[in-house]
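Okay, structure first, notes after.
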Amino acid sequence: MTKLRSEIRRVDSTSQGPGKLWLHGLAAMGDEQWEEAIATFQTLLNLETETDAQTRASIYANISSCYLDLGQFDEALSALEEAEKLTPDDPALHYKRGLTYACMGNSEAAITTIKTFRRRWPREARKFDVRTMLKGGERPQSDYWATYLHEIIELDMEFGDYQRVESNAQRMIAAAPARPEGHFALGLACLEQERYDEARDALLIAHDYNPDHIATNLNLGLTYIKSGEPAQAIPWLEQVLEEEADNLSALYQMGKAYQRLGQRDEALAWYRRAREVSPEDYAVQERLHEMGAGPEPSEPPLPPKFRKMKRLAPLIKRQMQRPRVYRNGGVTVTHDDISFIVEDKENPRNATVYSGGPFGTRRIRRREHEDLLDMLGLFKMTLRMVNAINTRSVAVLVYYEDRPVFNYQAHFENGEMVDFISDGQFIVTEVPRMFKINIDSDLSTPYGNPMQGILILLTRPRRPGILISTLTPG
């Protein structure tokens, strides 16, 4: 976290020249545009010839990370060597060297490096959890590069970025064709992109390598339903239900399969079983209602914190000395110097109330849209890199001019991510009119580049006050 914070502060040091290059380079890393990031950081090295050793080492470390994710291990090691010349006692660089050796399959070098790392920096070794790198504590996994790619794939899935899931799944399959995870990820990516024949083929291969994987069988059933072959879906869904009789998704998909086969009674029986498992499930209620076998579906009740927000909002508005109001369709932001309120008439579950101390606001101008895209890429990288040990929860919300609310949130407990929600892909094609970032952590957010609308920065979330958001955990 400390290293990331220092890089963010460096971005904010100037809106021109090196500062803007830092922002663009980090944003490119956040969007997995590794070649673009390398070129940007190389330009930054040429500009910052008289900068301090720590800054140049950080640039080289970022270049090394990009080469590692490209699978160019020699280049990654070369950049690490330049960083280590400048800051030889940086434990993160030693860890990254061990990681690179493990990925490239150099077991002996990986073992030596990681053992040295554990001996010199035991606390950092626990933080990085090097045990996952050494199988049995002494030997790197033979397919560690595939394991590393799988971690990237899981992040891409969490962000809903299925084009990158597909690309990295292909790389994982090439590195370890017998591992089912790569084929499964490829199948999911094709399914999400409505390429059902490719999805089916990939999932069948994943099933061959791991026949008992419930998610593979479930998605095979879903693929056959979506591709217009409901009869083929039933055996796969039956396998899921043999292992998990109350699997709601399988019960619901069985209902859809029989409904598409024109077997109404069987479909109703499966939907009713699904309703027994989850009486509040809206999709199940909707199906039964459409088939004349149930009442009109009802939305689940609003959470208690929403009712609390509704009580507090008018009180806080009355206390505002000079309120400013910004509207975007049904979304309204009201704020003064110490409080702000986000309300959404079309989606009552999207609401935030904050009061308790100064926070930063910035005007957003459309002409700066390129900087805005970089800023959003940087936020994505922040969510990828954030130190779970020092972080309670992270949320990023974007309000588009004519598109639905865009939401990311990650929730941590005791250093472990316990929840991640993503609505939509983190691919920005339009400049938002209103934008809000809420990071409930020790991460400072001193961004200041102008953008279009209002940017609200909560930089002191631990100060006494009120923060209620119906879209964030806790």
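Each reported figure results from applying straightforward, stated rules to the coordinates on display, with no laboratory input. Given the structure is predicted, the values throughout are model-derived calculations rather than measurements. Note that each Cβ is placed from the backbone with ideal geometry, even for glycine, and that neighbours are counted across all protein chains shown.
Listing K317, K96 from fewest to most neighbouring C-beta atoms within 10 Å gives K317, K96. Taking a sphere under 13 Å around the Cβ of Y196 and counting the other residues whose Cβ falls inside, with K and R at +1 and D and E at -1, yields a net charge of -3. Taking amide H positions as modeled 1.01 Å from N, with prolines and chain starts lacking one, the residues under 5 Å from R324 and 5 or more places away or on another chain are H335, D336. Fully extending the segment from E280 to K308 would add 7.8 nm, taking 0.36 nm per residue of separation and subtracting the current Cα-Cα distance.
Taking 0.36 nm per residue of separation and subtracting the current Cα-Cα distance, fully stretching the chain between E194 and E290 would add 32.0 nm. Between E81 and Q170, full extension at 0.36 nm per residue minus the direct alpha carbon distance yields a gain of 29.0 nm.
Placing a label point 7 Å from the Cα of R272 along the Cα-to-Cβ line, the residues of segment 228-255 whose backbone N sits under 15 Å from it are 255.
In this simple spin-label approximation, D337 and E229 carry label points 7 Å from Cα along the Cα→Cβ vector, and these lie 6.7 nm apart.
The string of couplings for segment 101-107 from the Karplus curve (6.51, -1.76, 1.60, θ = phi - 60°) is 4, 5, 5, 7, x, 8, 4 Hz, one whole number per residue in order, with x for Gly and Pro. With the cut-off at 18 Å, tell me which of the pairs K85/K127; K310/K345; K20/K85 have Cα atoms farther apart than that. Over 18 Å Cα-Cα: K85/K127; K20/K85. Computed over segment 53-196, the alpha-carbon pair-distance distribution with 10 angstrom bins reads 12, 36, 34, 15, 3, 0, each value a whole percent. Placing dummy labels 7 Å off each Cα toward the beta-carbon, the span from Q163 to T43 is 2.1 nm. Semi-axes of the equivalent ellipsoid of segment 175-251 are 19, 15, 9 Å, computed as sqrt(5λ) over the eigenvalues of the C-alpha gyration tensor in descending order. Which net charge results when you count Lys and Arg as +1 and Asp and Glu as -1 among the other residues whose beta-carbon is under 15 Å from that of P323? That sum, taken over residues with Cβ under 15 Å, equals +2. Summary of the geometry: segment 243-311 and segment 53-78, compared by the centres of their Cα atoms, lie 50 Å apart.
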